[in-house]
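Note sheet for the following structure.
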Amino acid sequence: MADLDELLDEVEKKFCVAAPPRADANKAAKKRSPSGVSEDIDALLEDLKEDRHSEAAGAQSGREKKKLQPQPAGTKCCPVFLGGSSVTNGLGTMLSKRSCDQLRCTSCDFRVLTFDDCEWDDSCDYLFFRNNMPEREKLRAKLKRRRGSRSYACQCSWFTAAEAADLRDHRRLRWVCGKHRD
Ligand SMILES: [Zn+2]
Ligand SMILES: [Zn+2]
């Protein structure tokens, strides 16, 4: 159930063309209870509920459905998985452990790049990524061929996955799913 003030706001927006300042209007409405204005407001609230209801019903009918719910803005992996090169890229869920290919780093704000069938050389360090992100060709200088692995990097961290790995098990990596549009 929505908060009364919120509803009153909506009533104002909907029915009062030249509404007085918000706070005053609410105060006035409450003060004059139980007769007069407050009854009118009750009636208006009822109308409002009905409007909402019919909107909801409309959204469920087939024709409207197409128009109103084309796409949510995008869906995020939950949980977020990394994976070896045999793990399908895409939206990850509990039931479908796809490796996220829309990762973004919350620490350096770079998009995370991935390289299939590669692993990062042990000599990788912070400076290397600092200097070479996001140029894939330059980054390849420190990638070794490793069938089945997938290497990940942003400007501040790097990781090689040999199999599906839950990102929550790798707290060092400040990566989040940046949403998928399927
Ligand atoms: Zn994702
Ligand atoms: Zn980063």
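For the reader, a short list of remarks on this structure follows.
- Flag for SER96 being surrounded by fewer than 15 Cβ atoms within 10 Å (Cβ to Cβ) and either within 16 Å of ligand 1 (Cβ to nearest atom) or in a loop (DSSP other than H, G, I, E, B) (or both): yes
- Test for ALA161: is it at pLDDT 95 or above and either within 12 Å of ligand 1 (Cβ to nearest atom) or in contact with a strand residue (DSSP E or B) (Cβ under 6 Å, 6 or more places away or on another chain) (or both): yes
- Hits in the stretch 145-182 - residues which are in a strand (DSSP E or B) and loosely packed, with under 14 Cβ neighbours inside 10 Å: ARG145, ARG147, ASP166
- Candidate set from the stretch 166-182 (those that are of a type in the set (Asp, Glu) and within 14 Å of ligand 1 (Cβ to nearest atom)); member that is nearest to the chain's Cα centre (by Cα): ASP182
- Here the stretch 115-127 is the region considered, the condition is being buried (at least 17 other Cβ atoms within 10 Å of the Cβ) and of a type in the set (Phe, Trp, Tyr), and the residue that is nearest to PHE159 (Cα to Cα) is TRP120.
- VAL112 crowded, with 16+ Cβ neighbours inside 10 Å and either within 14 Å of ligand 2 (Cβ to nearest atom) or farther than 21 Å from HIS180 by Cβ (or both): yes
The values are calculated or read from the model by the stated rules, or taken from the named source; none is laboratory data. Everything quoted here is computed from the prediction, not taken from an experiment. Methodologically, a virtual Cβ is constructed for each residue, glycine included, from the backbone with ideal geometry; neighbour enumeration extends over all protein chains shown.
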